[in-house]
Amino acid sequence: MKPIRLHWVIAALLWFPPVLSAAVPAQDADIRPIEVTADQLHAESGGSVTFEGNVVAVQGDVTLYSDILRAEYSKTTNMIERVEAEGSVRFIQEDKEVLSKRAALFNLERRVVFFGGATMQQGGNTVQGETITVYLNENRAEVKGSEEGGRVKAVINPKNIQETKKP
């Protein structure tokens with residue numbers, strides 16, 4: 001591995017904030033600080049940075065926990081193209097929480113896919129499936145069962161739905 005220049009690590013982290021902040025407009029997300037803590041940091045000149053061990057990434061009201069967090073960025077645009085989280089993934093924003101084994105964020109598409117028996121909770125409502133895909137710009141999600149015939153499961157609390165519709 002070639003030694004990495006510090007500016008590549010800084011460049012990766014500067015473009016990382018839009019990745020975490022789905023609810024914040026892009027122009028505001030760029031100026032919000034992000035704090036990533038982990039046991040180790042590995043950066044490569046090929047365009048990636050990896051945080052390993054007890055990873056916690058916080059930006060505003062969004063917190064992401066995982067065992068490993070890897071960000072790959074484009075040398076041509078200097079933007080994060082893809083972020084992968086592996087191992088005990090936990091994504092929290094306000095009263096929303098997603099748990100999964102792995103997650104991948106496709107930054108240019110503004111899409112996050114949670115893999116490996118994903119569970120999404122908000123209030124008293126829960127949805128489970130093999131994969132949950134969240135489309136950040138569209139405020140929608142898709143839940144799919146496993147290819148082996150697994151099904152999705154939703155537990156919906158009507159009281160919580162009525163409370164969210166109040167002005």
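Please treat every number below as a calculation from the coordinates, not as lab data. Just so it is clear, the structure is predicted and the values come from calculations on it, not from any experiment. Backbone-built Cβ (ideal geometry, glycine too); neighbour counts: all protein chains shown.
Work out, step by step, the length gained on full extension between TYR135 and GLN122: first 0.36 nm times the residue separation, then minus their alpha carbon distance; give nm to one decimal.
In short, 3.0 nm is gained.
A simple packing score, the average count of other Cβ atoms within 10 Å per residue, orders the peptides 36-47, 66-77 as 66-77, 36-47, with the highest score first. The label-point distance for VAL58 and GLU148, in a model that sets each label 7 Å from Cα toward Cβ, rounds to 3.9 nm.
Phi angles across segment 110-115 convert, under the Karplus curve 6.51 cos²θ - 1.76 cosθ + 1.60 with θ = phi - 60°, into 3J(HN,Hα) values of 6, 9, 10, 10, 9, 10 Hz, Gly and Pro given as x.
Annotation: aspartates and glutamates with alpha-carbon distance below 17 angstrom to LYS153 (same-chain offsets under eight excluded): GLU97, GLU130, GLU142. Hey, what's the Kirkwood Rh for segment 110-151 if you take every pair of different alpha carbons, in angstrom? Taking every pair of different Cα atoms in segment 110-151, averaging 1/r and inverting gives 10.7 Å.
Mind checking the full-extension length gain between GLU109 and ASP95? Use 0.36 nm per residue of separation minus the Cα-Cα distance, one decimal, nm.
Working: separation 14, 0.36 × 14 = 5.04 nm, distance 2.44 nm.
Gain on extension, GLU109 to ASP95, equals 2.6 nm.
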